[in-house]
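First the structure, in the form of structure tokens, and then the observations on it.
The values are calculated or read from the model by the stated rules, or taken from the named source; none is laboratory data. Nothing here was measured: the structure is a model prediction, and the numbers come from that model. Note: ideal-geometry Cβ built from the backbone for every residue, glycine included; neighbour counts use all protein chains shown.
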Amino acid sequence: MLSSDLPLRATGSRVKTAVWQPRLLQAAKTAVAVAIAWKLAPYMPGVANDYPYYAPLGVIVASFPTLMGSIKNAAQTLAGLVIGIALAAAVIIFSEPSVITVSLVVGIGILFGGIRQLGAGRDYVPIAGLFVLIVGGPNADGYSIGYVSQMSLGIVVGLAVNLLVAPPLRVTAAVKELSRLRGALGRHLESLADALDANWPPEEGEWSTQGQTLASTTKAVRHALAEADESRRINPRARIRPHDLSTDHDDLAALENVTFYVRDLTDVLAGAAWGTPVPVDLPAALRPPLSAAVRATAAVVIEWDTGSTSLDTLHTAEEAVAAVTQAVHDHRELGADAVVAASAAALDLTRMLAALSPGIVRDAPAPA
């Protein structure tokens, strides 16, 4: 097998773990809940048993990746249904269904859809009103009761299955996303160091265009952490598998700062190499110490990601950055314009290490 195949296989493994396994579990739970709701629907009292097909729809409404999200989604949907039915009831009381009244109900329902608090229920306002007027017709009262009752049954069944059968915790996915961001930052810094060690100016490499990728990765981590927070709310499994997400949020804040400074450092080196986005000069005498400092900073990030955090590595990086500052001082004869890029790069690296230090110190093993 070619070594180049390994990253692809690793990526495939991450996709299966982070996407397909939770998705398959959710699909299986939803299918079971639909079957249960369909079996129970005919036993609903009164006119409700005439509309059993709405029970499975209620299950789908309550099938959300997190337990708290399922409850919120279900409540918003029921609120939208009630508002839509109320709009239709007003037409039935004061008028009768017609082209004008049906259009009016749908239009008003869409206006209600502008209420952000309704969330997922916004789309159901015009739908419920339309169904009551057109499908319910002369039996609008019975249809409305059956619609809401069967939807409620499906929602209760869906929530019960979601609660009783492995309610999802998204903590592992969030931790993996954090690790992915650390790895991306470490590899990017290594590629910057490689560029500094290459013949100058280096050939334009992937590192010069990865700023947006780093930003999107950071956004994905923030989304994963938000999902992890929500998945732990009212989730009984959270007591069995405790995890302090505040630490992960602190790490994300640090990595967001590092990402900003990495993107700035990338722009500085691109400007020195090719004159974009801002042309600057990076003398040959300053490139070796700068490369060493960038590589040492990359080692800090990579070690943190692999769990082998060491204060010695952090101190080595701090000394390497200090050496860049000293090199700038020793080459003052080059003039201010010649050392501005190295000074800016040294400041970026200093800020990176300042952002990383609290997490490194926290996770480093205690001295024997």
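Are any residues in region 349-366 without any contact (Cβ under 8 Å) to a residue 40 or more places away in the chain and surrounded by 15 or more Cβ atoms within 10 Å (Cβ to Cβ), and if so, which ones? Across region 349-366, the qualifying residue is only Thr350.
With respect to the conditions (1) buried (at least 23 other Cβ atoms within 10 Å of the Cβ); (2) free of Cβ contacts under 8 Å to residues at least 12 places away in the same chain, Ala296 lacks only one, and its number is (2). Restricting attention to region 161-191, which residues are among the aliphatic types (A, V, I, L, M), assigned to a helix (DSSP H, G or I) and in contact (Cβ under 8 Å) with a residue 24 or more places away in the chain? Within region 161-191, Val161, Leu163, Val171, Ala173, Ala174, Val175, Leu178, Leu181, Ala184, Leu185, Leu189 qualify. Within region 71-91, the residues that satisfy the criterion of being more than 34 Å from the chain's Cα centre (by Cα) and surrounded by fewer than 19 Cβ atoms within 10 Å (Cβ to Cβ) are Ala86, Ala89, Ala90. For region 39-154, the helices (runs of 4 or more DSSP H) that sit wholly inside it and include 1 or more residues that are free of Cβ contacts under 8 Å to residues at least 60 places away in the same chain are 67-94, 99-112, 124-131.
Out of Arg122, Arg116, one residue alone is charged (D, E, K, R) and surrounded by 16 or more Cβ atoms within 10 Å (Cβ to Cβ). It is Arg122.
The set of residues in region 258-307 being among the hydroxyl-bearing types (Ser, Thr, Tyr) and part of a helix (DSSP H, G or I) consists of Thr259, Tyr261, Thr266, Ser291, Thr297, Thr306. Scanning region 198-229 for residues that are surrounded by fewer than 15 Cβ atoms within 10 Å (Cβ to Cβ) and either β-branched (Val, Ile, Thr) or in contact (Cβ under 8 Å) with a residue 60 or more places away in the chain (or both) yields a total of 5. Scanning region 337-348 for residues that are in contact with a helix residue (DSSP H, G or I) (Cβ under 9 Å, 6 or more places away or on another chain) and either more than 14 Å from Arg287 (Cα to Cα) or free of Cβ contacts under 8 Å to residues at least 40 places away in the same chain (or both) returns Ser343, Leu347, Asp348.
Across region 315-368, the qualifying residues are those that are outside any helix (DSSP H, G or I), out of contact with any Pro (no Cβ under 8 Å at 6 or more places or on another chain) and not aliphatic (A, V, I, L, M), and the one among them that is nearest to Val258 (Cα to Cα) is Pro365. Evaluating Pro279 against the criteria (1) surrounded by 15 or more Cβ atoms within 10 Å (Cβ to Cβ); (2) at pLDDT 85 or above; (3) of a type outside the set (Phe, Trp, Tyr) leaves one unmet condition, (1). Only one of the listed residues (Leu334, Leu290, Leu356) is modelled with pLDDT under 90 and either in the same structural domain as Leu245 (by TED's automatic domain parsing) or β-branched (Val, Ile, Thr) (or both). That residue is Leu334. Taken over region 230-247, the criterion of being touching a residue at least 24 places away in the same chain (Cβ under 8 Å) and either in contact with a Leu (Cβ under 6 Å, 6 or more places away or on another chain) or outside any helix (DSSP H, G or I) (or both) is satisfied by Ser231, Arg233, Ile234, Asn235, Pro236, Arg237, Arg241, His243.
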